[in-house]
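Colleague: Please find one structure pasted underneath; my questions will follow.
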Amino acid sequence: MTRPLLILLLFLVGASALHAQRMRVDSIVVEGVKKTKPLVITRQMTFQVGDTIELQELEALNKVNKSNIYNLGIFTSVELANEIGEGSIVVRVSVQERWYVWPTPFVSLLERTFNEWWRDKDLDRLVYGIGVDWQNMSGWNDKGYVYVQNGYQQIISTQYQRPFLFPQAKIDGTASFYFINDKEIGYSTEGARLKLARLHDHRMRQSYTAQFVLSKRLSARKMIHGTIAYQYFRLNDSISYFNPDYLPDHATRTNYPSLGLSYVNDQRDIRSFPLSGYKYGASMRAYGLPGISNTQFAKVTASFSHHIALSKRWNFAYGTQNFLLLGNRIPYFDKYFVGFGSFLRGYEPYVIDGSFINLTNAEWKFGIIPYHFAHLKWIPFQKFRDLPLGLYLSAYSDAGYVRDWTFNNQDNTLKNKLLLGYGAGINFITIYDFLLRVEYSRNLLGGGGIYISTLVSIQ
């Protein structure tokens with residue numbers, strides 16, 4: 001063997017040995033926390049103290065762990081650094097905590113979309129209230145929320161979410177209560193337009209919901225949720241005039257317990273504005289018990305989304321959501337709706353109620369300002385100096401299909417046919433993951449308009 005070949009062989013052998021070198025995690029040092037417990041951060045990581053990892057995988061693991069920690073939603077910035085020794089490694093995690101308490105006055109108009117209000121300009125539908133959103137209350141990433149609203153719709157809602165409820169079993173807990181007093185309710189559709197029931201001197205519906213959720217943590221990105229809830233609804237007697245089949249048996253009251261189970265695997269990079277990764281999940285929830293409730297039914301959902309980074313500026317995403325009702329005697333408000341909760345772009349003015357809904361979306365995004373973190377030294381408050389920043393153009397096409405076999409199906413407009421919508425828009429994301437979408441959408445019926453949203457288009 002010639003000398004050059006021998007040198008090359010030794011180099012390749014040495015490089016291979018270095019490439020496959022395994023390192024023991026000697027310690028994980030958390031820096032920058034003033035309130036957050038270090039365990040909140042370390043349990044988001046894919047390795048723990050004492051684990052061994054391959055040196056060649058370290059960069060990829062750092063990227064995943066940085067995303068896992070940031071997705072907690074309680075830090076403005078996250079950085080990971082490594083100190084590599086002989087056979088061991090020290091991992092340093094540096095974070096900047098957010099501002100955690102947000103008192104929020106609220107004034108709005110009770111409309112599904114801004115476009116609907118602009119058509120009528122009815123200020124009588126004004127609602128106002130105040131809420132307090134308190135994140136990371138005790139340093140365990142627990143969250144409390146209280147909201148009180150008056151005006152056209154009255155609401156009292158409160159929720160408390162407690163990670164580490166049972167630490168050894170990796171189980172979190174969430175308890176919530178909601179009271180809603182509606183002056184106006186949707187009671188049916190006609191021509192796929194929502195028909196509203198309203199009385200001048202009386203409220204149309206009161207509802208109470210108490211719910212408790214236990215969440216089993218399989219990993220930082222995989223969760224199983226078990227839900228138990230109880231709901232009570234009281235309708236004004238006049239509902240029988242508007243829609244005698246609003247509730248089964250022409251009733252004006254109903255109440256039922258429910259049990260649910262769901263699974264979520266979320267591998268997206270940034271949940272507030274995904275650019276790469278995938279997410280899928282499924283759920284089933286049973287409502288009512290014989291002898292206790294005047295209705296028994298079940299809801300099944302399944303969803304999948306995939307976000308693909310084609311380059312630094314170009315991204316493509318697609319996804320599907322499926323909703324299925326098992327049962328026929330279902331209260332009108334518990335049906336699935338396109339136009340409430342789930343939206344089909346291009347069909348924003350319409351409301352389509354059904355037993356089965358499929359929504360499929362595809363979207364291209366181009367980064368005028370690609371998503372990145374900006375550090376603004378001139379801001380005097382440290383918790384607001386680091387912020388995500390991104391500006392994207394988008395072009396999309398959405399498809400949907402709705403079927404309805406419930407006893408109170410009164411309108412087959414836009415059901416049992418393929419619905420297609422398309423359009424283009426602009427997406428802006430900034431401080432504390434706030435997202436603003438402004439889009440122009442059209443449908444195959446020839447209608448179109450400009451619509452505003454603050455939700456991720458493909459979850």
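The values are calculated or read from the model by the stated rules, or taken from the named source; none is laboratory data. It should be emphasised that the depicted structure is a prediction, and the values quoted were computed from it without experimental measurement. Using ideal geometry, Cβ is built from the backbone for each residue, glycine included, and neighbour counts are taken over all protein chains shown. Accessible surface areas use protein heavy atoms only, side chains included; no ligands, DNA or RNA. Shrake-Rupley method; radii C 1.70, N 1.55, O 1.52, S 1.80 Å.
Colleague: Is there a residue being modelled with pLDDT of 90 or more and touching a helix residue (DSSP H, G or I) at 6+ places or on another chain (Cβ under 8 Å) anywhere in the range 280-291?
Modeller: yes
Colleague: Just to verify a result, which residue in the range 97-124, among those that are open to solvent by 90 Å² or more (accessible area, probe 1.4 Å), outside any helix (DSSP H, G or I) and closer than 18 Å to Gly151 by Cα, is modelled with the lowest pLDDT?
Modeller: Taking the candidates together, the pick is Lys121.
Colleague: Looking at this structure, is Leu359 within 28 Å of Trp314 (Cα to Cα), buried (at least 18 other Cβ atoms within 10 Å of the Cβ) and modelled with pLDDT under 90?
Modeller: no
Colleague: If you go through the range 214-238 one residue at a time, how many are open to solvent by less than 30 Å² (accessible area, probe 1.4 Å), part of a strand (DSSP E or B), touching a residue at least 40 places away in the same chain (Cβ under 8 Å) and farther than 16 Å from Asn181 by Cβ?
Modeller: Count: 3.
Colleague: Something else: List the strands (runs of 3 or more DSSP E) that sit entirely inside the range 370-459 and contain at least 3 residues that are among the aromatic types (Phe, Trp, Tyr) and either within 17 Å of Ile352 (Cβ to Cβ) or touching a residue at least 24 places away in the same chain (Cβ under 8 Å) (or both).
Modeller: 386-403
Colleague: Still on this structure, please answer the following. Looking only at the range 246-267, how many residues end up being of a type in the set (Ser, Thr, Tyr), outside any strand (DSSP E or B) and open to solvent by 10 Å² or more (accessible area, probe 1.4 Å)?
Modeller: Adding up the residues that qualify gives 1.
Colleague: Let me ask you something else. For the range 389-436, how many residues meet the condition of being among the small types (Gly, Ala, Ser) and exposed (fewer than 15 other Cβ atoms within 10 Å of the Cβ)?
Modeller: Adding up the residues that qualify gives 2.
Colleague: Of all residues in the range 286-334, which are polar (S, T, N, Q) and farther than 27 Å from Ser272 by Cα?
Modeller: Ser293, Asn294, Thr295, Gln296, Asn328
Yes/no per residue for (1) open to solvent by 30 Å² or more (accessible area, probe 1.4 Å); (2) free of Cβ contacts under 8 Å to residues at least 40 places away in the same chain; (3) touching a strand residue (DSSP E or B) at 6+ places or on another chain (Cβ under 9 Å):
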| residue | (1), (2), (3) |
| --- | --- |
| Lys37 | yes, no, yes |
| Met45 | no, no, yes |
| Glu54 | yes, yes, yes |
| Leu80 | yes, yes, yes |
| Glu83 | yes, yes, yes |
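Colleague: For the range 159-177, give me each residue that is open to solvent by 70 Å² or more (accessible area, probe 1.4 Å), within 15 Å of Gly144 (Cβ to Cβ) and in contact (Cβ under 8 Å) with a residue 24 or more places away in the chain.
Modeller: Phe177
Colleague: Condition first: assigned to a strand (DSSP E or B) and farther than 28 Å from Asn71 by Cβ. Now tell me which residues in the range 268-295 satisfy that.
Modeller: Once the filter is applied, which keeps residues that are assigned to a strand (DSSP E or B) and farther than 28 Å from Asn71 by Cβ, the range 268-295 yields Ala286, Tyr287.
Residue-by-condition table, conditions (1) open to solvent by less than 60 Å² (accessible area, probe 1.4 Å); (2) under 30 Å from Arg253 (Cα atoms); (3) not hydroxyl-bearing (Ser, Thr, Tyr):
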site	(1), (2), (3)
Tyr318	no, no, no
Val338	yes, yes, yes
Gly346	yes, no, yes
Val351	yes, yes, yes
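Colleague: Tally the residues that are of a type outside the set (Ser, Thr, Tyr), open to solvent by 70 Å² or more (accessible area, probe 1.4 Å) and outside any loop (DSSP other than H, G, I, E, B), restricting the search to the range 178-213.
Modeller: Of the residues in the range 178-213, 5 are of a type outside the set (Ser, Thr, Tyr), open to solvent by 70 Å² or more (accessible area, probe 1.4 Å) and outside any loop (DSSP other than H, G, I, E, B).
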